[in-house]
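Here is the structure we will look at, set down as structure tokens.
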Amino acid sequence: MNGNFFGNPTFPTNNNLNSLDSPPGNINYSDVSLPMEQSYIENILRLNKGKVVKAYYSYPDSNEWRDKIYEGIIEEAGRDHLIMSDPKTGDWYLLRMIYLDYVTFEERINYSHGYSEKTF
């Protein structure tokens with residue numbers, strides 16, 4: 001064999017790396033016009049912590065609790081959960097976001113998308 005049939009695999013390289021200060025894949029946000037934070041439900045709920053809401057939930061696998069409304073104050077919100085307290089009953093709820101349909105507010109909503117915060 002002449003060595004030409006099975007060549008060594010080569011991979012494209014980027015010789016234009018600015019420095020090794022940041023690992024590959026990181027985005028330098030000073031050079032790119034991307035919003036700092038995207039508009040996810042948990043972020044909107046966090047901005048409205050302390051407000052009175054009604055959270056509408058659907059539990060498709062339950063015959064007893066097909067649809068349920070939780071009323072109370074937003075205490076905390078995470079990526080997969082909402083913590084609410086009901087001052088009328090003293091109950092606290094840890095609710096999974098996966099079952100959340102929508103939320104209604106009794107007052108104006110604080111909303112942030114990217115760099116600015118708005119009130120609706």
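Rule-based calculations on the coordinates, nothing more; no lab input. Because the structure is a prediction, the values reported are computed rather than measured. Glycine gets a Cβ as well: all are built from the backbone with ideal geometry, and neighbour counts include every protein chain shown.
Here the relative contact order of the range 54-96, from alpha carbon pairs under 8 Å that lie six or more residues apart, stands at 25 percent. Loop-located GluC sites (Glu not before Pro) in the range 57-107 (DSSP state not H, G, I, E or B) with no more than 15 neighbouring Cβ atoms inside 10 Å: Glu64, Glu106, Glu107.
Give the calculated FRET efficiency between Glu71 and Ser112 to the nearest 0.05, with a Förster radius of 25 Å applied to their Cβ-Cβ distance. Spell out each step's value before the answer.
On the way: r = 25 Å, r/R0 = 0.99.
Here the calculated transfer efficiency is 0.50.
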